[in-house]
1. Just one of the numbered conditions (1) modelled with pLDDT of 95 or more; (2) over 26 Å from Lys259 (Cβ atoms); (3) aliphatic (A, V, I, L, M) is not true of Val144; which one?
2. Give the stretch 462-480 a look and list any residue that's part of a strand (DSSP E or B) and touching a residue at least 60 places away in the same chain (Cβ under 8 Å), or say none.
3. Taking the stretch 86-107, which residues are surrounded by fewer than 20 Cβ atoms within 10 Å (Cβ to Cβ) and either farther than 27 Å from Ala20 by Cβ or modelled with pLDDT under 90 (or both)?
4. Find all pairs meeting these conditions: Cβ atoms under 8 angstrom apart; at least six residues apart or on different chains; first residue within the stretch 428-440 and farther than 20 Å from Ser269 by Cα; second residue modelled with pLDDT under 85.
5. Give the stretch 219-258 a look and list any residue that's basic (Lys, Arg) and either in contact with a Pro (Cβ under 6 Å, 6 or more places away or on another chain) or at pLDDT 90 or above (or both), or say none.
6. Can you go through Leu83, Leu123, Leu129, Leu146 and tell me which one is surrounded by 19 or more Cβ atoms within 10 Å (Cβ to Cβ) and farther than 29 Å from Leu208 by Cα?
7. Which fully enclosed helices (runs of 4 or more DSSP H) of the stretch 169-272 have 1 or more residues being more than 17 Å from Asn457 (Cα to Cα)?
8. Scan the stretch 99-115 residue by residue and report those that are part of a strand (DSSP E or B) and closer than 18 Å to Met31 by Cα.
Amino acid sequence: MEMVAGGSTDNFLMMKIQAALYSSQGLLNGMLTLYRDRLVWNEVSKRSSNMLTISMNVMFGATLSPKGKYKFKSFEAASATNLKIESSTHFTVYTIMDRESGKRPLCDTWTFIVETEEESATLVSLLRLSIRPKLTDDKANALVFLNPISGKRKSLKVFESIVKPIFEIGNMSYTLQITDSSRHAADFIENEDLSPYTSLITVSGDGLLHEVLNGLLRRKDWAKYKSLPLGVIPTGTGNGLARSIDCFWPEQAAVAIVKAESRPLDIMSVTLASGLVEYCFLSMTWGLIADIDIESERMRWAGSARLDLYATIRLMNLRYYGGRLHYLPVTAGDEESVMTDEEDGQENGAKQKRAAPAALGNGATQHTSANSSVANIMERANQGADVPWGLPPPNFSSPLIRHPPKMLASPPMPHAQPAVTLHPTLTAGIGLPVTKGSLPPRWKTIEGPFAHVIATNVPWLSADFLACQKARISDGAMDLVFSRTVSKWQILPYISASTKDNYMNKDGIEHAKVRAFILEPTGLRTTTRSPASFET
């Protein structure tokens with residue numbers, strides 16, 4: 001056994017040792033070399049030169065395993081067996097890899113055998129250190145809220161069969177709270193001591209994360225916890241933020257949480273004329289999209305399909321709402337605070353979260369739709385029904401090299417959570433109703449009627465609805481998408497096939513990137529596009 005250190009960060013050699021690897025051809029003898037960023041195994045044989053490379057990007061755990069046990073049907077089975085082992089010459093490495101086209105990720109276990117129990121224990125310790133270099137086991141303690149009736153009521157099953165085993169394998173301590181009312185999580189977060197926890201996680205749809213966020217920001221000592229990471233393992237209906245960061249599956253979410261992966265996310269503040277303030281991380285919708293989301297609640301039995309079903313009903317009888325929309329557009333003077341498409345996703349976590357303010361006038365239907373996922377921790381959502389275990393033990397008939405999965409533009413460093421900063425609202429001092437000439441410079445006004453108005457912080461509002469291709473989750477701005485007196489045939493492609501084209505600013509779908517907006521509904525609603533219908 002060799003334990004050495006030297007070279008660049010990527011080639012930092014931690015250990016080199018003889019080790020056998022289990023494969024479909026049985027046990028193969030070879031040499032295992034552990035670097036800071038990868039594990040490399042090379043077969044020692046005259047008849048072949050097989051090689052296995054596993055990046056730390058795809059690895060999330062390492063445990064001792066029982067002698068003679070090489071294969072596991074699932075992470076759940078591996079966790080139940082391996083976590084009981086206190087000493088062994090066998091150890092198992094756990095990996096997860098993304099696949100193309102949104103298919104379920106490949107989950108694998110790799111079992112190695114070394115000569116002594118001491119060598120095995122040393123390797124497991126070094127692997128855990130390399131997987132989570134900035135988060136030690138004794139520091140990780142998540143507070144997990146689980147809504148048992150979200151989506152298709154499978155949250156508890158997902159947690160027990162997927163999330164819990166991954167947390168256990170990844171040495172992630174947690175406290176589970178199963179919610180029993182709509183404000184359970186919000187009240188707990190707002191009033192209880194949060195100092196024992198290093199992250200707040202939800203296993204649910206997007207509404208529960210919305211509760212947690214608002215409970216946190218309503219605390220008198222919220223500044224004390226402003227860098228506390230928030231995460232979500234989506235088991236709900238929409239899961240739009242998960243879709244927006246190209247993350248769909250609960251196993252991916254759990255792994256990201258275990259590895260403390262994070263990225264910044266803007267928060268919007270929505271103020272009603274009554275003075276009530278809500279904070280949301282996804283969108284504020286009014287008109288068609290809000291109608292679909294709210295009125296389809298009666299169809300929750302259909303899961304995410306309820307949105308598609310009710311969208312069809314509403315489009316066939318499209319409503320128009322009277323109102324005026326005022327907004328402060330992003331201009332050249334905002335370039336320092338609003339990132340471009342190229343800059344988005346390349347943050348290292350040093351940038352602060354910004355509150356993008358909005359206000360609603362009297363009579364507005366406020367719907368702070370939280371159809372999504374994570375605030376600070378990258379999460380992945382549960383969609384589709386692929387078999388979760390994609391690979392049998394590898395066939396070494398030819399060299400096998402494992403590469404890292406497709407990553408976001410520049411993966412943020414663990415524990416680089418940005419601070420929350422609640423800026424003075426840009427709508428402060430504007431009286432309601434807005435009168436002619438009372439708006440500050442640069443503000444614009446759009447007269448209704450409107451079929452819908454969306455103020456979004458993310459591209460996707462649900463797993464299959466691309467609301468705005470130009471939206472970015474941390475660019476310091478909101479994206480307004482609205483339609484006025486369009487026909488149902490004009491808006492149908494945008495609603496039903498949003499991924500097939502960029503619909504912004506054509507065919508009646510208008511778009512503006514803004515810093516703030518005011519929506520003043522008149523209270524009038526009709527199914528006819530005739531201007532006479534909105535005359536008072």
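The values are calculated or read from the model by the stated rules, or taken from the named source; none is laboratory data. What you see is a predicted model, and the numbers here were worked out from it, not measured in a lab. Positions of Cβ are backbone-derived with ideal geometry, glycine not excepted, and every protein chain shown enters the neighbour counts. All accessible areas refer to the heavy atoms of the entire protein, side chains included, with ligands and DNA or RNA removed. Shrake-Rupley method; radii C 1.70, N 1.55, O 1.52, S 1.80 Å.
1. Among (1) modelled with pLDDT of 95 or more; (2) over 26 Å from Lys259 (Cβ atoms); (3) aliphatic (A, V, I, L, M), the lone unmet condition for Val144 is (2).
2. Of everything in the stretch 462-480, those that are part of a strand (DSSP E or B) and touching a residue at least 60 places away in the same chain (Cβ under 8 Å) turn out to be Ser462, Phe465, Met478, Leu480.
3. Those that are surrounded by fewer than 20 Cβ atoms within 10 Å (Cβ to Cβ) and either farther than 27 Å from Ala20 by Cβ or modelled with pLDDT under 90 (or both): Arg99, Glu100, Ser101, Gly102, Lys103.
4. Pairs found: Ser438/Ile430; Ser438/Gly431.
5. Arg219, Lys220, Lys224
6. Of the residues listed, the single one that is surrounded by 19 or more Cβ atoms within 10 Å (Cβ to Cβ) and farther than 29 Å from Leu208 by Cα is Leu123.
7. Correct list: 184-191, 206-217, 250-258.
8. Trp110, Thr111, Phe112, Ile113
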